Amino acid sequence: MMLVMKFGGTAVDSPDKVKHVATLVKSYKDRGDDIVCVVSAVRGMTDGLLAIADSVRRGDRASIADFVKKALKTHIVIASGAISNKKLKQKALAEVKKTVGELQDVLGGIVLLGEVTPKSLDYLMSFGERLSAPILSFALRDIGVGSEYLTGKDAGIFTDSNFGEARPLMDTTKLRVSHTLAPITKRGAVPVVTGFIGADQHGNTTTIGRGGSDYTATIIAASINAGEVCLWSDVDGLMTADPKIVKGAKVLKEVSFAEAMEMALFGAKYMHPRALEPVMDTKIPIRIRNTFNIKHPGTVITQVPSKDSQRIVKSVSVIRHTALIDVGGGGMVGAPGTAAKIFDALAKNKVNIMMISQSPSESSISMVVRKSDLDKATTTLELSLLGRVIKRINVNDEVAVIAVVGSGMRGIKGVAAKVFGAVAKRDVNVIMIAQGSSELNLAFVVSDKNCERAVNALHDEFGLGKNS
């Protein structure tokens, strides 16, 4: 079977872990599978690159020099410990030093300009994966597995020019990726591809969003018609709730693509929300597994889950650090285009609206945004619309969004009553409610201080602590 395996940053942040990953890949090769690996940056590297971009803007050369020195040391230690063969180790270290040298040159050039553009930031952000991929590739060669390392750009991932959140142009990408990777896998070697990275029509390096290695894995899987995608992380799979909030949270054995999409959008941290798009129209299943607990089968995401895995509710998700903005005024009633003006003003200032609810009277609209966007959102509304389109703006910056997810809710009477009844029994007030016509999720807003109590109440009410 052709498998695409993605390994996150926690799987490659030490020599022993890199050796473990290489051995894991070899075990699949030994049973006759063809493998394509996708690898993330070493844990902390992407955050470090983001932080150093701020240092560049300030012209803080000391911080930049310190970062480059630490990045070089980190990757030299990992490569030196993960690779035994002297010649392979020398080649790996030479590649690391060459890439860090390029990083240093790029940072020096951007400092002189004193400006970090979206285009230059994408180029800068690509270095994390460009350092980890060669190390894993040489570690595979060290244990007798043929391997080549490629950036996503080299592999053929072709995107638009929306730097920071580029979208793959799938028709061209499929042709390029299959043409590039097929010769490598046919001769029995394992391509190790950088996650997160692509290139636009001009050859500029682009990135496909934080956590984009999952997305890269499914893009490649759709391009080469893989039998399965395996997202190896540091958790056993998708869970019925956040185990930090619910002690009895269980790993879900099987979920549908639609359910997984809702769970990802509502805070399941172990999967990129867009990662499902390339494979949703195929029969390629996605499996989420724990790199360090390979005995656990993980969670399978598939088009049509088996009947014994179907439940009314599969999980209870929560998004914290959010704020509720309520705008209103009599002038909004019966005035066409009011909502469009509000959302357009926010969109132009890059404020993402996570959830919307409007009263039937049309006199108010409530919106949930991330707390980090709150100042920008309120300033935009005050400057653009207050006193004309809207008369008042009310803000509550201590709220959490709770989402009950499950395809079994569709067409079932009384689910909402059960949800709000369970929450009411724990003395939790619901501030705002939203449910789409798909009935895949029921989302509502509560005060952040009541969030954990509400999640536990729902987990108990729907018996999610039992075998899932």
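The values are calculated or read from the model by the stated rules, or taken from the named source; none is laboratory data. No experiment lies behind these values; they were computed from the predicted model shown. For neighbour counting, all protein chains shown are included, and Cβ atoms are generated from backbone atoms with ideal geometry for every residue, glycine included.
Condition check: under 16 Å from Thr291 (Cβ atoms), touching a residue at least 40 places away in the same chain (Cβ under 8 Å) and either among the acidic types (Asp, Glu) or buried (at least 24 other Cβ atoms within 10 Å of the Cβ) (or both). Does Ser213 satisfy that?
Numbers: under 16 Å from Thr291 (Cβ atoms): yes; touching a residue at least 40 places away in the same chain (Cβ under 8 Å): yes; either among the acidic types (Asp, Glu) or buried (at least 24 other Cβ atoms within 10 Å of the Cβ) (or both): yes.
The answer is yes for Ser213.
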Determine whether Arg426 is basic (Lys, Arg) and either touching a Ser or Thr at 6+ places or on another chain (Cβ under 8 Å) or at positive phi (or both). no
Leading residue by the ranking (surrounded by the most Cβ atoms within 10 Å (Cβ to Cβ)) among those in region 374-387 that are without any contact (Cβ under 8 Å) to a residue 40 or more places away in the chain and not small (Gly, Ala, Ser): Thr380
Go through Ile64, Ile52, Ile76 for me and flag whichever is modelled with pLDDT of 95 or more and either in contact with an Asp or Glu (Cβ under 6 Å, 6 or more places away or on another chain) or surrounded by 13 or more Cβ atoms within 10 Å (Cβ to Cβ) (or both). Ile76
Within 22 Å of Ile312 (Cα to Cα) and either in contact (Cβ under 8 Å) with a residue 40 or more places away in the chain or out of contact with any Cys (no Cβ under 7 Å at 6 or more places or on another chain) (or both): which single residue out of Val369, Val351, Val327, Val423 fits that description? Val423
What do you reckon, is Lys250 among the basic types (Lys, Arg), within 30 Å of Thr322 (Cα to Cα), modelled with pLDDT under 95 and surrounded by 19 or more Cβ atoms within 10 Å (Cβ to Cβ)? yes
Would you pick out the residues in region 133-150 that are farther than 17 Å from Lys186 by Cα and surrounded by fewer than 24 Cβ atoms within 10 Å (Cβ to Cβ)? Asp142, Ile143
Run Asp427 past the list (1) at pLDDT below 90; (2) in a loop (DSSP other than H, G, I, E, B) and report the number of the one that doesn't hold. (1)
Single match in Gly59, Gly81 (criterion: in the same structural domain as Leu181 (by TED's automatic domain parsing) and under 28 Å from Ile143 (Cα atoms)): Gly81
Limited to region 90-112, what total is found for residues that are under 22 Å from Ser55 (Cα atoms) and hydrophobic (A, V, I, L, M, F, W, C)? 7
Starting from region 173-189, keep only residues that are at positive phi, then list their pairs with residues that are of a type outside the set (D, E, K, R) whose Cβ atoms are within a distance under 9 Å, requiring at least 6 positions of separation or different chains. Gly188/Val145; Gly188/Gly146
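Mind listing whichever residues of region 317-361 are assigned to a loop (DSSP other than H, G, I, E, B) and more than 29 Å from the chain's Cα centre (by Cα)?
In the first step, residues of region 317-361 are kept if they are assigned to a loop (DSSP other than H, G, I, E, B); the result is 329, 333-337, 349-352, 359-361.
Within region 317-361, Gly329, Val333, Gly334, Ala335, Pro336, Gly337, Ser359, Pro360, Ser361 qualify.
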Inside region 426-449, can you point out the residues that are touching a helix residue (DSSP H, G or I) at 6+ places or on another chain (Cβ under 9 Å), of a type in the set (S, T, N, Q), within 22 Å of Ala323 (Cβ to Cβ) and touching a residue at least 24 places away in the same chain (Cβ under 8 Å)? Asn441
Would you confirm whether any residue within region 442-453 is small (Gly, Ala, Ser) and over 27 Å from the mean Cα position of the chain (by Cα)? no
With a cut-off of at least 2 residues that are over 24 Å from His20 (Cβ atoms) and under 23 Å from the mean Cα position of the chain (by Cα), name the helices (runs of 4 or more DSSP H) lying wholly within region 47-149. 118-125
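Can you find, within region 151-172, the residue that is nearest to the chain's Cα centre (by Cα) among those that are over 14 Å from Val38 (Cβ atoms) and crowded, with 22+ Cβ neighbours inside 10 Å? Please lay out each step first, then the result.
Residues of region 151-172 that are over 14 Å from Val38 (Cβ atoms), as a first pass: 158-167, 169-172.
Now drop any that are not crowded, with 22+ Cβ neighbours inside 10 Å, which leaves 158-159, 166.
Working: Phe158: 19, Thr159: 18, Ala166: 14 Å.
Checked region 151-172; the qualifying residue nearest to the chain's Cα centre (by Cα) is Ala166.
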